[in-house]
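Reviewing the structure listed below.
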Amino acid sequence: MNAYTVESPRRDFTGESVGVHFHKGTGRVDDSTKDGRAAIEYFRRQGYALTPEADDEPDVEEPQDYPQEPFDPAAHDVTDVLAYLEDADHDEALRVLDAEAAAKKPRTTITGKREEILAVKATETPATTDTKGAEQ
C-alpha cells in the first residue's frame, strides 16, 4: 500500500473532495482501495501535489547463517575456537586450523587436536549429500 499526502491548489480548503477529507488544504489518501486509486488519479489530473508518505515499517535485515567476516581464531579464546570448529565443515576447519598454526604464538590446545578434528570432519556426511541412484 502506498499512502500520499495531498495538497489542494486552495490552501484554505477544508472539506471533502472525491472521498478524501481535507483540512486547510491538506489531505491523505492511499491506494489500498479502488476509490483511493481513483482519487489519486483524479488529483494527478487536477494538478494537486501528491507526496508519498514514508513507509512506517523499517526494513528488516534477514539474519545470516554465516559470519560476514571469515572466522579469525586469533580474535577468540581457545574455548570459542574449539566450539566453532565443532560446527565448521571440513574445509573451514582446515582453514581455521591452518590460521592457528601460522599464528605468531600458536595455541597447542588447538593445534594439538588438529588430526583428531580433521578425522572427525572427514567422516561426517554433508547434509546435502546426493543420494540419487543410491538404491541401484
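Among residues belonging to region 18-38 that are open to solvent by less than 20 Å² (accessible area, probe 1.4 Å) and out of contact with any helix residue (DSSP H, G or I) (no Cβ under 7 Å at 6 or more places or on another chain), point out the one that is farthest from TYR48 (Cα to Cα).
Here the answer is GLY36.
Being open to solvent by 70 Å² or more (accessible area, probe 1.4 Å) and farther than 11 Å from LEU118 by Cα is the filter here; which residues of region 77-94 pass it?
ASP77, THR79, ASP80, ASP87
Could you please give the count of residues in region 15-38 that are within 16 Å of MET1 (Cβ to Cβ), touching a residue at least 24 places away in the same chain (Cβ under 8 Å) and not charged (D, E, K, R)?
The total comes to 2.
Tell me, which residue of region 99-115 that is surrounded by 12 or more Cβ atoms within 10 Å (Cβ to Cβ) and not small (Gly, Ala, Ser) is nearest to the chain's Cα centre (by Cα)?
Among them, the one singled out is GLU100.
Scan region 1-14 residue by residue and report those that are loosely packed, with under 10 Cβ neighbours inside 10 Å and in contact with a strand residue (DSSP E or B) (Cβ under 6 Å, 6 or more places away or on another chain).
MET1, the sole residue that qualifies.
The values are calculated or read from the model by the stated rules, or taken from the named source; none is laboratory data. Because the structure is a prediction, the values reported are computed rather than measured. Neighbour counts are summed over all protein chains in view; Cβ atoms, including those assigned to glycine, are modelled from backbone coordinates with ideal geometry. With ligands, DNA and RNA removed, areas are computed over all heavy atoms of the protein, side chains included. Shrake-Rupley method; radii C 1.70, N 1.55, O 1.52, S 1.80 Å.
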